[in-house]
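Below you'll find the structure, written out as structure tokens, and then a few comments.
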Amino acid sequence: MDHMYDLVVYGSTSGAVATAIQSSRLGRSVALVSPVEHIGGIQINGLGATDIDNQAEFQNSATLGGLNLELHQRISRQYGRLERLNEVVKKKLKDPDVWRFEARVAEQVIRDWLAENSSITIIKSRLIEKDAVEKDGTVIKAMHLENGQRIIGKVFVEATYEGDLLAACSISWTCGRESSATYSESLAGVRAETLYRQIDVDVDPYTTPNDPSSALLFGISPEPFGTPGDGDLHLQSYSYRIPLTDDPGNLVPFTKPDGYDPASFELHRRFAKAGGQFYPPRKRLPGRKTDLIGSEGALSTDLVGMNDEWPVAGYKGRDRILEDTKRFTKGFLWFLATDEVVPESIRKEWSRFGYCRDEFPDNGHFPRELYVRDARRMISGYIVTQETASQNGEADVSDPVAVAYWPTDTHSVRRIMRDGRVHNEGFIFKDGHHWRPFGIAYRALLPRREEASNFVSVTCPSSSHVGYGEYWSLAN
């Protein structure tokens, strides 16, 4: 049976939610097509420690408005802190705690919010993997779902992290890192120096110590360092944003994962023996909960170099990457809490924590989705680049639809050998780039006119790898 809507939004992200709600309020009929069961994206999968007012050098809460602010007001009402949040906004105070929340609370708020809008029809099904979209010239007519539905729309919106709809619509896209020459970006491509979260101790990288003829340890790529500034197809690392707790009444203890392989953490053992630092868990969220952000040190929950195939892996391939990352992450937590090579003070601290009993009860108290930091990016006539966010860069855009207020931020891309040492390559954060807040041009959300005339991408805008690193905290 065919279904016709003014707007068809594909995705389960917060961008999908915001697009659907605002369009409904404007009197449009909306199909919110979610490829997963739980709608809300990374916000309902552990990212509760938002990047709002958490840096000493700047205050970005002043840019919040519209549905973003409304979401936080609705969440704050659940915590009984709405009056405080409104005071922070009115007086321009800096209080990062009022912007933080638990995954279960965010999910309930989003579920209730969507239910208030009767013109939104929620459909839970994925695109079929081949020939999912019908087009007549530049006009997208319909899309086909695995549940057999054919969804007809006047306008189609990309709101996944992966860019699956834009690819199905045959709209130009890219993945990986451009060279520094492509858009004249000093931060692009292979990084001559990566300082942030670098491995700063000497670690023997070989499975047989001091034997270069033996294999490299798990997690280290044999790929050559390359030439600084060259582009490649690598992505920044993904991770699970795991909420943990030390509340005895809400704690599910870590257990040794099935298939736990100590060899997967030999690099971590040697790192610890050499004096490398592991960070203790930090309670950032209400309910005595953590948010493991993936950049807690040089070796963290970021599984560097293991997700390059994610955007194009297909559903089965993504399931495999999900399970591999989940197995590694659970193993890493077990390692931190139990392995005697971890300094005693750190090990004891990790052993006090466990999974949250009140989070993700249908998934073993573990997040359902990965933090997909970077996947497909659209290519259109206007591209967000390093220059867009530079203080002495482009002029302010004439068609802003949002404001990005975060420095260039991309997590490590590769873990390789460089000059005989294990080297994390590609992390960009506070690298001397003189950035500024900037408007997101509506043009960056639109494809080339010759490719599609009724399509908008809210999560995979036209941007370079570096440019997306300035956008993605907003997109998430």
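The values are calculated or read from the model by the stated rules, or taken from the named source; none is laboratory data. Given the structure is predicted, the values throughout are model-derived calculations rather than measurements. Please note: Cβ atoms are built from the backbone with ideal geometry, for glycine as well, and neighbour counts cover all protein chains shown.
Residues of the range 416-466 being of a type in the set (Val, Ile, Thr), touching a Pro at 6+ places or on another chain (Cβ under 8 Å) and not in a strand (DSSP E or B), which ones?
The answer is none; no residue qualifies.
Taking Ile379 as meeting all but one of (1) out of contact with any helix residue (DSSP H, G or I) (no Cβ under 7 Å at 6 or more places or on another chain); (2) over 30 Å from Ala402 (Cβ atoms), write down the number of the exception.
Failing condition for Ile379: (2).
So in the range 30-78, with the set limited to residues that are touching a strand residue (DSSP E or B) at 6+ places or on another chain (Cβ under 9 Å) and of a type in the set (Ser, Thr, Tyr), which one is nearest to Pro400 (Cα to Cα)?
Within the range 30-78, the match that is nearest to Pro400 (Cα to Cα) is Thr63.
Can you find a residue in the range 314-324 that is more than 25 Å from the chain's Cα centre (by Cα) and among the β-branched types (Val, Ile, Thr)?
No, because not a single residue in the range 314-324 is more than 25 Å from the chain's Cα centre (by Cα) and among the β-branched types (Val, Ile, Thr).
Can you find a residue that is assigned to a loop (DSSP other than H, G, I, E, B), closer than 23 Å to Glu309 by Cα and modelled with pLDDT of 95 or more anywhere in the range 244-260?
No, the range 244-260 contains no residue that is assigned to a loop (DSSP other than H, G, I, E, B), closer than 23 Å to Glu309 by Cα and modelled with pLDDT of 95 or more.
Between a residue in the range 196-220 that is closer than 26 Å to Asn307 by Cα and any residue that is outside any loop (DSSP other than H, G, I, E, B) and β-branched (Val, Ile, Thr), which pairs come within a Cβ distance under 8 Å, given they are 6 or more apart or on different chains?
Taking only residues 6 or more apart or on different chains, the pairs are Tyr196/Ile428; Ile199/Val422; Val203/Val422; Pro205/Val422; Ile220/Ile416; Ile220/Val422.
Determine if the range 85-101 includes at least one residue that is of a type outside the set (Asp, Glu), assigned to a loop (DSSP other than H, G, I, E, B) and under 23 Å from the mean Cα position of the chain (by Cα). Explain how you work it out, then say what you get.
Here is the first cut: in the range 85-101, the ones of a type outside the set (Asp, Glu) are 85-86, 88-94, 96, 98-101.
Checking the rest, the ones that are also assigned to a loop (DSSP other than H, G, I, E, B) come to 92-94, 100-101.
Keeping just the survivors that are under 23 Å from the mean Cα position of the chain (by Cα) gives 100-101.
Within the range 85-101, one or more residues are of a type outside the set (Asp, Glu), assigned to a loop (DSSP other than H, G, I, E, B) and under 23 Å from the mean Cα position of the chain (by Cα).
Residues of the range 202-243 being hydroxyl-bearing (Ser, Thr, Tyr), farther than 24 Å from Val372 by Cα and not in a loop (DSSP other than H, G, I, E, B), which ones?
The one that is hydroxyl-bearing (Ser, Thr, Tyr), farther than 24 Å from Val372 by Cα and not in a loop (DSSP other than H, G, I, E, B): Tyr206.
Look through the range 369-415, keep the residues that are under 25 Å from Val312 (Cβ atoms) and either assigned by TED's automatic domain parsing to the domain that holds Leu69 or among the small types (Gly, Ala, Ser) (or both), and return whichever of them is surrounded by the most Cβ atoms within 10 Å (Cβ to Cβ).
Only one residue fits best here, namely Ser412.
Considering (1) outside any loop (DSSP other than H, G, I, E, B); (2) more than 30 Å from Cys175 (Cα to Cα), say which one Leu322 fails and leave the rest.
Condition not satisfied by Leu322: (2).
Under 8 Å between Cβ atoms, which residue pairs at least 6 apart in sequence (or on different chains) link something in the range 75-92 that is assigned by TED's automatic domain parsing to the domain that holds Gly40 and within 25 Å of Arg111 (Cα to Cα) with a partner that is at pLDDT 95 or above and not in a helix (DSSP H, G or I)?
Close Cβ pairs (under 8 Å, with a partner that is at pLDDT 95 or above and not in a helix (DSSP H, G or I)) amount to Ile75/Phe101; Tyr79/Phe101; Tyr79/Pro286; Arg84/Asp95.
Could you list all residues from the range 163-205 that are surrounded by fewer than 21 Cβ atoms within 10 Å (Cβ to Cβ), farther than 30 Å from Val9 by Cα and in contact with a Pro (Cβ under 6 Å, 6 or more places away or on another chain)?
Passing the criteria: only Ala192.
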